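Data block below; observations after.
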Amino acid sequence: MNKPVLIGICGGTGSGKSTITEELLAGIPKERVVIIEQDSYYKDQ
């Protein structure tokens, strides 16, 4: 059984987080990936 891998990507606005994420995802089957975007866990004020 393969062990899960956690990859954290952080950076300021416009630093290329989405771009590098898209490049990483290009080589991984979609059913094996979970993406938690920053906007997904902030409570709306």
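Things worth noting here:
- Burial ranking of peptide ranges 10-22, 26-38 (average Cβ count within 10 Å, highest at the top): 10-22, 26-38
- Stretching the chain fully between Leu24 and Lys3 yields a gain of 5.8 nm (0.36 nm per residue, less the alpha carbon separation).
- What the phi angles of segment 16-28 give under the Karplus curve with 6.51, -1.76 and 1.60, with θ = phi - 60°, is a coupling list of x, 4, 5, 5, 5, 5, 4, 5, 5, 5, 4, x, 10 Hz, glycine and proline written as x.
Rule-based calculations on the coordinates, nothing more; no lab input. Since the structure is predicted, the reported quantities are computational estimates derived from the model, not experimental observations. Methodologically, a virtual Cβ is constructed for each residue, glycine included, from the backbone with ideal geometry; neighbour enumeration extends over all protein chains shown.
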